[in-house]
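Working notes for the structure below.
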Amino acid sequence: MAIDAVSGATLSLPQTSGNAPDPGAGSRFTQALGRLLDAAEGSSAEANQKVASMLDGSGDVHDAMIALQRAELSLQLTVQVRNKLMQAYQEVMRMPV
């Protein structure tokens, strides 16, 4: 299953068969989160560049607004993923030992 990020990066979740744990799933998950964070940072940098070019007159207002919206959506996706991870962590911590 893949989730398309706003800037074109994909977050691929590991596919396993049956109940056997996949030994490489942790590193792939970490890499997927890293790509998601890089995509959010990249879209923010692109938005900053588009706004700067708009302000100096070499860029278009529409391109700057689209880049800003893309950066905002990417940030919202990143925050929601973080919130879900925190909820899962808190749920695990509430489990009796």
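The values are calculated or read from the model by the stated rules, or taken from the named source; none is laboratory data. From a predicted model like this one, the values you see are computed outputs, not experimental measurements. Neighbour counts run over all protein chains shown; Cβ positions are idealised from the backbone, glycine included.
When only residues in the range 45-77 that are in contact with a helix residue (DSSP H, G or I) (Cβ under 6 Å, 6 or more places away or on another chain) and among the small types (G, A, S) count, which is surrounded by the fewest Cβ atoms within 10 Å (Cβ to Cβ)? Step by step, filter the range 45-77, then rank; the result is G59. Being closer than 19 Å to A67 by Cβ, charged (D, E, K, R) and modelled with pLDDT of 55 or more is the filter here; which residues of the range 1-52 pass it? Scanning the range 1-52 gives D38, E41, E46, K50. Residues in the range 23-61 that are among the acidic types (D, E) and more than 10 Å from the chain's Cα centre (by Cα): 3 in all. Given the criteria outside any helix (DSSP H, G or I) and surrounded by 12 or more Cβ atoms within 10 Å (Cβ to Cβ), does G42 qualify? It is false that G42 is outside any helix (DSSP H, G or I) and surrounded by 12 or more Cβ atoms within 10 Å (Cβ to Cβ). Residue pairs whose Cβ atoms lie under 9 Å apart, sitting 6 or more positions apart in sequence or on different chains, and linking a residue in the range 14-33 that is closer than 20 Å to V81 by Cβ and surrounded by 10 or more Cβ atoms within 10 Å (Cβ to Cβ) to a partner that is modelled with pLDDT of 60 or more and among the aromatic types (F, W, Y), are P14/F29.
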